[in-house]
Amino acid sequence: QVQLVESGGGLVQAGGSLRLSCVASGRAFSSRAMGWFRQAPGKEREFVAAIAWNGSPQDYSYAVHGRFTIARDNAKNTVYLQMNSLGPEDTAVYYCAARNSPTTSIRADEYSYWGQGTQVTASS
């Protein structure tokens, strides 16, 4: 079993930055691919970024590519999402997720464990 706890969300002005963290407890963090997803009000959950067990490769959605960076520290059982140039379109609840696999996926149904989410709001 894996528990995931996200932090770092908040309110930021358009153009600002935030860094999300996700701390994992449980088994075999360093052998799991990790992902970030988001869900805006009235919309389906969507893929944001993913990172393989050893930090490479990394995958990004078209919407965030070039603005967001995913990273991990296996010694700390933590995955990060650095978000720059935030805009109102990035406003959503952001979820951390873990796979039972070392390789990345953009599909939410291929992740077995989920955090409770952290709210990110970017005001115009």
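The values are calculated or read from the model by the stated rules, or taken from the named source; none is laboratory data. Predicted, not measured: the structure shown is a model, and the values here were computed from it. Heads up, the Cβs are rebuilt from the backbone with ideal geometry, glycines too, and the neighbour counts pull from every protein chain shown. In case anyone asks, the SASA skips ligands and DNA or RNA and just uses the protein heavy atoms, side chains included. Shrake-Rupley method; radii C 1.70, N 1.55, O 1.52, S 1.80 Å.
Structure data summary
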{"read-out": "Residue in the range 88-99 that is outside any loop (DSSP other than H, G, I, E, B), modelled with pLDDT of 95 or more and in contact with a Cys (Cβ under 6 Å, 6 or more places away or on another chain) present", "value": "yes"}
{"read-out": "Breaking point among (1) open to solvent by 10 Å² or more (accessible area, probe 1.4 Å); (2) assigned to a loop (DSSP other than H, G, I, E, B); (3) at negative phi, for Gly66", "value": "(3)"}
{"read-out": "Residues (of a type in the set (Phe, Trp, Tyr) and within 14 Å of the chain's Cα centre (by Cα)) located in the range 26-40", "value": "Trp36, Phe37"}
{"read-out": "Candidate set: the range 1-42, residues that are of a type in the set (Lys, Arg) and either under 25 Å from Ala63 (Cβ atoms) or at pLDDT 95 or above (or both); chosen: the one surrounded by the fewest Cβ atoms within 10 Å (Cβ to Cβ)", "value": "Arg19"}
{"read-out": "All positions within the range 68-87 that are more than 15 Å from Gly9 (Cβ to Cβ) and either β-branched (Val, Ile, Thr) or without any contact (Cβ under 8 Å) to a residue 24 or more places away in the chain (or both)", "value": "Thr69, Ile70, Ala71, Asp73, Ala75, Thr78"}
{"read-out": "Per-region count, the range 18-36, residues over 10 Å from Asn100 (Cα atoms) and touching a strand residue (DSSP E or B) at 6+ places or on another chain (Cβ under 6 Å)", "value": "11"}
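Conditions tested, residue by residue: (1) of a type in the set (Phe, Trp, Tyr); (2) in contact with a Phe, Trp or Tyr (Cβ under 6 Å, 6 or more places away or on another chain).
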site: Glu6; (1), (2): no, no
site: Leu11; (1), (2): no, no
site: Gly16; (1), (2): no, no
site: Cys22; (1), (2): no, no
site: Arg45; (1), (2): no, yes
site: Tyr80; (1), (2): yes, no
